[in-house]
Amino acid sequence: MAMIGAKRGYAMASNLLKALKTSTSSSTSIRRFSGVVNSEITTTHTEKWMQDTSKKSPMELINEVPPIKVEGRIVACEGDTNPALGHPIEFICLDLSEPAVCKYCGLRYVQDHHH
């Protein structure tokens, strides 16, 4: 019984592959999607941010947040207290004297020395 299901799955997969090959090679009007944002869209979006000088950029806003003092040597940044609004956990080492920056959200952390 499992063998029949496997054969059917294989047949469906090969038919799908044939259909995809046919549609992408025969039609030039279909735009290929690579998962990367078009540079034209990115440029226009950035220009909109640069034109309105009354609004602060996201980097300016995040730089206004003072560095967060942490007692330990390692901090786990999640970006937000709500997991749905945060980012993947980033473990950041605080051995250096200057603030360490989260690569996802830009929050800065510094080790709080109680000496």
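Brief remarks follow.
- Anisotropy class of the range 53-98 from Cα gyration tensor, a/c 1.5 cut: oblate
- Peptide ranges 54-61, 92-99, 105-112 listed from the most packed, as the mean C-beta count within 10 angstrom indicates: 105-112, 92-99, 54-61
- Solvent-accessible surface (1.4 Å probe) assigned to Glu71 amounts to roughly 140 Å².
- Near the amide H of Ile68, within less than 5 Å, lie the amide hydrogens of Arg108, Tyr109, Val110, all on another chain or at least 5 residues away, with H placed in the peptide plane.
The values are calculated or read from the model by the stated rules, or taken from the named source; none is laboratory data. Predicted model only: the values in this text are computed from it and were never measured. Please note: Cβ atoms are built from the backbone with ideal geometry, for glycine as well, and neighbour counts cover all protein chains shown. Please note that ligands, DNA and RNA were not included when accessible areas were found on the heavy atoms of the full protein model with its side chains. Shrake-Rupley method; radii C 1.70, N 1.55, O 1.52, S 1.80 Å.
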